[in-house]
Amino acid sequence: MGGQAGAAREGRRMTNGYTKVFQNADAVDKYEHTTYAPGTYASHVGSRQRAYLRALVRRTFRTWRPTQHDFACGTGRAIRALHGLVHEAHGYDTSADMMAKAAELGVNAAFHQVAAGGPVPAPVPTHGPAIVTMFRLMLNVQDDVRHRALSFAAEALPNAEAGLLVVENHGNARSVRHLRARRQADNPWFAELSHRQMYGLLRSHGFEVVQRRGFAMLSKGWYERPGLNRAARAFDAVAGKVPGADEFAVNVVYVARRG
């Protein structure tokens, strides 16, 4: 898929309402206790991501614990993943209800509500290296929101020595999930992002990808089919570690540094 027409198809069906979805307690409870309930697709992917993130931080920041800036922090899942491995953590979100749920869950961080538009939010000034995390954000928002988030990351990470940016794409356009795209043509919540788009977005803010890892080769439906769910989980637990598998993974994490 190439050219302007391809880019348009890959970026289609973006919705302006994503940041408004989690502005009430019921939506937040559903996200935390249903979407990420034990045994769900999201919880299995999250568990693999947690192990990867913790190993990444231990390997990269050997002499000084980084400060974590989690943009679009939601209920603090990425912050919880790095508990005990960071010097301090800051969560930034447009939803006060999301951050209230994070605090209720005992997430060890300082939370900062940011506006949905306007000037790019400034990261809290900190000393030493940093890790900026962005999970479940990039896929379902417009390009201006993506650029706003990456501008925030660029301010927190002004140079290559400043630390790492970790960004998730949970709808890779080259994965088996793409087979649903035509059937979901009228669904404003079904979006896709290609590796090309992600690399382009990151480069436009001075970031270069230094590592990429896939965390699910199969889509959510495989985990929900009786008789196939155990095999699907076992397959994904191994397949994502195979070199080159990240090219076709549904859920992909990109690790980047400023160039």
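Using beta carbons and a limit of 7 Å, which pairs, at least six apart or on different chains, have the first residue in the stretch 115-136 and farther than 12 Å from L157 by Cα and the second one part of a loop (DSSP other than H, G, I, E, B) and among the aliphatic types (A, V, I, L, M)?
P121/V114; M134/A72
Identify the single condition in (1) polar (S, T, N, Q); (2) in contact with a Ser or Thr (Cβ under 7 Å, 6 or more places away or on another chain); (3) more than 25 Å from A42 (Cα to Cα) that N140 does not satisfy, given that it satisfies every other one.
It fails just one condition, (3).
Determine whether the stretch 205-213 contains at least one residue that is within 14 Å of the chain's Cα centre (by Cα) and either open to solvent by 20 Å² or more (accessible area, probe 1.4 Å) or at positive phi (or both).
yes
Here is a check on your reading of the model: is Q184 farther than 22 Å from T34 by Cα, touching a Phe, Trp or Tyr at 6+ places or on another chain (Cβ under 8 Å), among the polar types (S, T, N, Q) and at pLDDT 95 or above?
Taking the combined requirement at face value, the residue does not satisfy it.
Which of the residues spanning the stretch 219-259 are part of a loop (DSSP other than H, G, I, E, B) and acidic (D, E)?
Across the stretch 219-259, the qualifying residue is only E224.
Can Y254 be described as among the aromatic types (F, W, Y), under 14 Å from M138 (Cα atoms) and touching a residue at least 24 places away in the same chain (Cβ under 8 Å)?
yes
Which condition breaks for D26 when tested against (1) part of a helix (DSSP H, G or I); (2) surrounded by fewer than 19 Cβ atoms within 10 Å (Cβ to Cβ); (3) among the charged types (D, E, K, R); (4) modelled with pLDDT of 75 or more?
Unmet condition: (4).
Tally the residues that are under 21 Å from L157 (Cα atoms) and either open to solvent by 30 Å² or more (accessible area, probe 1.4 Å) or touching an Asp or Glu at 6+ places or on another chain (Cβ under 6 Å) (or both), restricting the search to the stretch 84-108.
3
Does the stretch 136-147 hold any residues that are open to solvent by 30 Å² or more (accessible area, probe 1.4 Å) and on the phi < 0 side of the Ramachandran plot, and which are they?
Across the stretch 136-147, the qualifying residues are Q142, D143, D144, V145, H147.
Could you grab me the full set of residues in the stretch 185-218 that are assigned to a strand (DSSP E or B) and hydrophobic (A, V, I, L, M, F, W, C)?
L193, F207, V209, V210, F215, A216
Scan the stretch 220-241 for residues that are open to solvent by 20 Å² or more (accessible area, probe 1.4 Å) and under 22 Å from V167 (Cβ atoms) and report the count.
Qualifying residue count for the region: 2.
Would you confirm, using the coordinates I've provided, whether A89 is in contact with a Gly (Cβ under 6 Å, 6 or more places away or on another chain) and in contact (Cβ under 8 Å) with a residue 12 or more places away in the chain?
Considered against the rule, which asks whether it is in contact with a Gly (Cβ under 6 Å, 6 or more places away or on another chain) and in contact (Cβ under 8 Å) with a residue 12 or more places away in the chain, A89 comes out as no.
I'd like the full set of residues that are open to solvent by 20 Å² or more (accessible area, probe 1.4 Å) and within 25 Å of G171 (Cα to Cα), limited to the stretch 112-135.
Within the stretch 112-135, A116, G117, F135 qualify.
State which residue is farthest from Q211 (Cα to Cα) when the search covers only the stretch 161-176 and only residues that are open to solvent by 30 Å² or more (accessible area, probe 1.4 Å) and part of a helix (DSSP H, G or I).
Among those that are open to solvent by 30 Å² or more (accessible area, probe 1.4 Å) and part of a helix (DSSP H, G or I), it is V176.
The values are calculated or read from the model by the stated rules, or taken from the named source; none is laboratory data. Nothing here was measured: the structure is a model prediction, and the numbers come from that model. FYI the Cβ positions are ideal-geometry reconstructions off the backbone, even for glycines, and counts take in every protein chain you see. Surface accessibility is based on the protein's heavy atoms, side chains included, excluding ligands, DNA and RNA. Shrake-Rupley method; radii C 1.70, N 1.55, O 1.52, S 1.80 Å.
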